[in-house]
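Below you'll find the structure, written out as structure tokens, and then a few comments.
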């Protein structure tokens, strides 16, 4: 199944993205989630289908979320311990 998907970036959390069906846009996204997400910033619109590769998320999970709930929330990747240590050291400079 193909879907035209609009992807929004969160202004509050780097790496957090919200995928929605272009036809419904943000209609089915709960108000509580939108409040925590912040004002959605358009990242891109693309056609997704089961054979398409996405950078950081499984396309089948996105499609399932769109069908079941009307949206899919992509959380930022978790930094491992060594990356957190580097980030902490750099932020102190």
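Does region 40-64 hold any residues that are touching a strand residue (DSSP E or B) at 6+ places or on another chain (Cβ under 9 Å) and over 21 Å from residue 14 (Cα atoms), and which are they?
Restricting attention to region 40-64, the residues satisfying the condition of being touching a strand residue (DSSP E or B) at 6+ places or on another chain (Cβ under 9 Å) are 40-49, 52, 54, 56-57, 59, 61-64.
Of everything in region 40-64, those that are touching a strand residue (DSSP E or B) at 6+ places or on another chain (Cβ under 9 Å) and over 21 Å from residue 14 (Cα atoms) turn out to be 47, 48, 49, 52, 63, 64.
Give the residue, chosen from 20, 47, 57, that is within 21 Å of residue 1 (Cβ to Cβ) and assigned to a loop (DSSP other than H, G, I, E, B). Spell out how you get there, then give the answer.
Details: 20 fails: assigned to a loop (DSSP other than H, G, I, E, B); 47 fails: assigned to a loop (DSSP other than H, G, I, E, B).
Criteria check complete, one pass: 57.
Rule-based calculations on the coordinates, nothing more; no lab input. Model, not experiment: these values are computed from the prediction. Positions of Cβ are backbone-derived with ideal geometry, glycine not excepted, and every protein chain shown enters the neighbour counts.
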